[in-house]
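The values are calculated or read from the model by the stated rules, or taken from the named source; none is laboratory data. As the structure is a computational prediction, the values presented were derived from the model and not from experiment. Here the Cβ positions follow ideal geometry from the backbone for every residue, glycine too, while neighbour counts run over all protein chains shown.
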Amino acid sequence: MPLVLGGSLAHYLRLGLNEAGRAIPVTLATFGYSGSRMAIAVADPAVLSFLQSVALIVSVWLTVILTQKIARQPLVNLLPQHLATVAIGSLLWKVIVGW
């Protein structure tokens, strides 16, 4: 579950941080006011990549920790599941972050 949440968060960070800064000028333009002097805040692509990477790394670690706590099994028994979690996290990394 944390991996799904982290992947969704990493995916929508780009939309949230780029488009949220344009919400007020677009809203004003919808009602006929000139939003040309309004400041538009857009996140730097390096910041977006960093935040997406952190979200994915933290979600992979939380998934491993939560799986260990729920299963109450030795690490060796759950190693295939943890490796699958890391593999899915790395695929999400390549798709979302693009490194």
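What are the residues in the stretch 1-48 that are outside any loop (DSSP other than H, G, I, E, B), of a type in the set (Val, Ile, Thr) and farther than 30 Å from Gln81 by Cβ, if any?
Keep residues of the stretch 1-48 that are outside any loop (DSSP other than H, G, I, E, B), which gives 2-30, 45-48.
After this cut, where a residue has to be of a type in the set (Val, Ile, Thr) as well, the list is 4, 24, 26-27, 30, 47.
Within the stretch 1-48, Ile24, Val26, Thr27, Thr30, Val47 meet the criteria.
Return the only residue of Ser90, Ser34 being small (Gly, Ala, Ser) and at pLDDT below 90. Reasoning before the result, please.
Numbers: Ser90 fails: at pLDDT below 90.
So the residue among Ser90, Ser34 that is small (Gly, Ala, Ser) and at pLDDT below 90 is Ser34.
Each residue in the stretch 58-99 was checked for being in contact (Cβ under 8 Å) with a residue 12 or more places away in the chain, of a type in the set (A, V, I, L, M, F, W, C) and under 14 Å from Pro2 (Cα atoms), and 8 pass. Is it the case, given these coordinates, that Gln81 is assigned to a helix (DSSP H, G or I) and within 23 Å of Leu17 (Cα to Cα)? Against the criterion (assigned to a helix (DSSP H, G or I) and within 23 Å of Leu17 (Cα to Cα)), Gln81 does not qualify.
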